[in-house]
Amino acid sequence: MRDLVRVLLIDDDEADRLVVRRGLQQAGLKVETTEAATAAAGVAAFREGTFDCVFLDYRLPDMDGMTTLKSLLDTEDNSAAIIVLTGQGNERLALEMMEVGAVDYLTKDEIGPSVLKRSVRYALARQQFRETRQDLLHRLVVANEELETFCYSVSHDLRAPLRGIDGFCQALQEDCSDQLNALGKQYVKRVRSATDRMTALIDNLLQMSKVNRSELSENTVSLTEIARSVTEELRQAEPDREVSVKIEEGIAVNGDLSLLSAALQNLLDNAWKFTSPRTKAKITFGSTSEGDGQCTYFVTDNGIGFDMTFADRLAVPFHRFENARNFEGTGIGLATVDRIIRRHGGRLWAKSAPNEGATFYFTLGERKKA
Ligand SMILES: Nc1ncnc2c1ncn2[C@@H]1O[C@H](COP(=O)(O)OP(=O)(O)O)[C@@H](O)[C@H]1O
Ligand SMILES: [Mg+2]
């Protein structure tokens, strides 16, 4: 704790100020006290000076305690610990002020040297803790943003050389095929399919990092329509597959159209892909409502499923289950879905068993079915 504690005492009652001032001295704390008899004078003194601790009377003639507290908290570059002084029976207000940012409160009839000493020490320590936490949080946010930007620009910048590689391979196939023997042609083909995979990976990474970079727009979004158009596209791409698709009518939510479309696209793509060994594949999109009115949406299928032992790794980027090895994919889809759902204030989870299909559930925070 600092040696000298700079205290600002804002109280219109001279006698109360005296009690606090003398109490602090008797407590053996080295204090330098500035006093103000009105909220306006207190706020002005606070803005001019530097204080470690403020005692703020909750009731002042010119401004109510909460407004005064907010003015103090709004002051730039000031990190003083604010202790509210209340009359008895006003603890509720004092607690509200603590929720807004005061560190402690004392009722006026309990003020004495030992209480003041404890309160000041506690307030300073707690304030220090708050600042450290704030600083750590800030650094975490900055580090995450940097990582996000890094991921985005790396993915973005990898595209150009990749296009070059693919372009020249294509030129090799088209312009130099008479100079390539069968093995050479095979190699070029394999380079091109590897670049295709890498392009898919980069595109998926870009999609994932866009989730947190873009502004979230709020609209009424029909999940039913999205599910319908996604599954129609999937059917057009593979018309020979027999897949029975059931989509619940009228599911509409509040959220971001493009993000929610990407989420459903990923879930339905997976359902479609991982049911491909089934002669009669089944996919359902629907919703259930729990007792608390919270809506849960789900995509269920009768595909290859997965072992729930590692279910907590589902949303980890690049994680794919053993039995998904023979299916195309990058392992970034569910990580993207998870981010999208979390940005909407919801949660994503799954239930499955090997060979018994999979169900993916998600909520969208407090948003209710429209
Ligand atoms: N419907 C599903 N049925 C079975 N396994 C699934 C299903 N959806 C996702 N998975 C498992 O989760 C993994 C991660 O999914 P995802 O991130 O979409 O990756 P990808 O589709 O590129 O493999 C998949 O590789 C697969 O192992
Ligand atoms: Mg996928």
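Bear in mind these aren't lab numbers, they're just calculated from the coordinates by the rules spelled out. Only a predicted model underlies this, so the values are computations on that prediction, with no experimental measurement involved. Positions of Cβ are generated from backbone atoms using ideal geometry, with glycine treated the same way; all protein chains shown enter the neighbour counts.
Work out the length of the dipole vector of the chain about its Cα centre, built from +1 on the beta-carbon of each Lys and Arg and -1 on the beta-carbon of each Asp and Glu, and round it to the nearest 20 debye.
Details: 46 positive and 56 negative charges, 265 e Å.
Using Cβ point charges on Lys, Arg, Asp and Glu, the chain gives about 1280 debye.
Take the alpha-carbon centre of region 7-26, take the same for region 289-365, and report the distance between them in whole Å.
61
List the residues, sorted by chain then number, that are 5 or more residues from residue 54 or on another chain and whose placed amide H is less than 5 Å from its amide H.
Answer set, sorted by chain and number: 8, 81, 82, 83.
Nearest 500 deg cm²/dmol is fine: what mean residue ellipticity at 222 nm does the chain get from its DSSP H runs of n ≥ 4 alone, each adding -39,500 (n - 2.57), divided by its residue count? Walk me through the intermediate numbers first.
Numbers: 9 runs with 182 residues, N = 370.
Mean residue ellipticity at 222 nm (helix-derived): -17000 deg cm²/dmol.
Which angle between 0 and 90 degrees, to the nearest 10, do you get for helix 39-48 versus the longest principal axis of the chain when only C-alpha atoms count?
Value to nearest ten degrees: 70.
Can you list residues from other chains, or at least 5 along the same chain, whose modelled amide H is less than 5 Å from the amide H of residue 365?
For residue 365, the qualifying residues are 346, 347.
Applying a 10 Å radius around every beta-carbon, put 33-46, 137-150, 269-282, 15-28 in order of their mean neighbour count, most first. Mind showing how you got there, number by number?
Values: 33-46: 19.0, 137-150: 10.9, 269-282: 17.4, 15-28: 15.9.
Ranked by mean Cβ neighbours within 10 Å, highest first: 33-46, 269-282, 15-28, 137-150.
Between residue 173 and residue 91, what is the spin-label point distance in nm, taking each point 7 Å from the Cα along the Cα→C-beta axis?
7.8
Just to check I understand the Karplus step: with θ = phi - 60° and J = 6.51 cos²θ - 1.76 cosθ + 1.60, what whole-Hz values come out for region 184-201, glycine and proline as x?
x, 4, 4, 4, 4, 4, 6, 4, 5, 6, 5, 5, 4, 4, 5, 4, 4, 4
At a Förster radius of 25 Å, what calculated FRET efficiency corresponds to the Cβ-Cβ distance of residue 41 and residue 134, to the nearest 0.05?
On the way: r = 29 Å, r/R0 = 1.14.
It comes out at approximately 0.30.
Could you list the residues of region 21-40 with an amide nitrogen less than 20 Å from a label point located 7 Å from the Cα of residue 118 in the Cα-to-C-beta direction?
21-30
Consider a paramagnetic label point 7 Å from the Cα of residue 198 along Cα→Cβ; state which residues of region 156-185 have an amide N under 11 Å from it.
What the label zone holds, given the 11 Å backbone N cut-off, is 158-167.
If amide hydrogens are placed 1.01 Å from N in the peptide plane, which non-local residues have theirs closer than 5 Å to the one on residue 5?
30, 31, 32
Output ³J(HN,Hα) for region 266-281: one whole-Hz value per residue in order, computed from phi by the Karplus curve 6.51 cos²θ - 1.76 cosθ + 1.60 with θ = phi - 60°, and x for Gly and Pro.
Rounded to whole hertz, the list is 4, 5, 6, 4, 4, 4, 5, 5, 7, 9, 4, x, 7, 6, 10, 7.
Residue by residue through region 123-137, what is 3J(HN,Hα) from phi via Karplus (6.51 cos²θ - 1.76 cosθ + 1.60, θ = phi - 60°)? Round to whole Hz and write x for glycine and proline.
Values, residue by residue: 4, 5, 5, 5, 5, 4, 4, 4, 5, 4, 5, 4, 5, 5, 4 Hz.
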